[in-house]
Amino acid sequence: MEYQIHDRKVVYDGNECGIYKSPGHMLRLEYAIMDVDHLIKTINDMPKSQAIEAVTVLKDKAAKYVALQHTPQNPGFPILRQIPGPSTEIGEVRKKIMNTEKLCNEILKTLKGE
């Protein structure tokens, strides 16, 4: 797949991307599939400098999660208990989060004119 980002082309292999996110303060982190079309639209709606900053934050967050040995927990763990069960295990989604980091790196190269 090819996307246009600020008048430059980015090639994306189409593999699922995602990241852990929390639906609210003190709630368990859950794996969420990333909508790449929405990401690209959002980036294109931002000034280039702001887009670089936002994609860098996303890339850094993905890199942090890829390096984890255990599934991330909510900030109150273990004193808080949430139902239903635990978050999606990091081992099940590590590759998808790596895809997010890879896509962010490609987007940043494009935005920086590399």
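The values are calculated or read from the model by the stated rules, or taken from the named source; none is laboratory data. This structure is a prediction, so every number in the text was calculated from the model and none was measured. Positions of Cβ are generated from backbone atoms using ideal geometry, with glycine treated the same way; all protein chains shown enter the neighbour counts.
For the stretch 24-32, the condition holds for at least one residue, the condition being that it is closer than 14 Å to residue 100 by Cβ and either touching a Leu at 6+ places or on another chain (Cβ under 8 Å) or in contact (Cβ under 8 Å) with a residue 40 or more places away in the chain (or both). Residue count for the stretch 48-72, restricted to those that are at pLDDT below 90 and surrounded by 11 or more Cβ atoms within 10 Å (Cβ to Cβ): 3. The one condition from (1) at pLDDT below 95; (2) closer than 23 Å to residue 72 by Cα; (3) not in a loop (DSSP other than H, G, I, E, B) that residue 4 does not meet is (2). Consider the stretch 83-93 and keep the residues that are at pLDDT below 90 and hydrophobic (A, V, I, L, M, F, W, C). The one that is nearest to residue 28 (Cα to Cα) is 83. Residue pairs whose Cβ atoms lie under 8 Å apart, sitting 6 or more positions apart in sequence or on different chains, and linking a residue in the stretch 62-82 that is within 21 Å of residue 24 (Cα to Cα) to a partner that is among the polar types (S, T, N, Q) and at pLDDT 85 or above, are 62/100. On the stretch given as the stretch 12-35, residues that are out of contact with any helix residue (DSSP H, G or I) (no Cβ under 7 Å at 6 or more places or on another chain), among the aliphatic types (A, V, I, L, M) and not in a loop (DSSP other than H, G, I, E, B) total 2.
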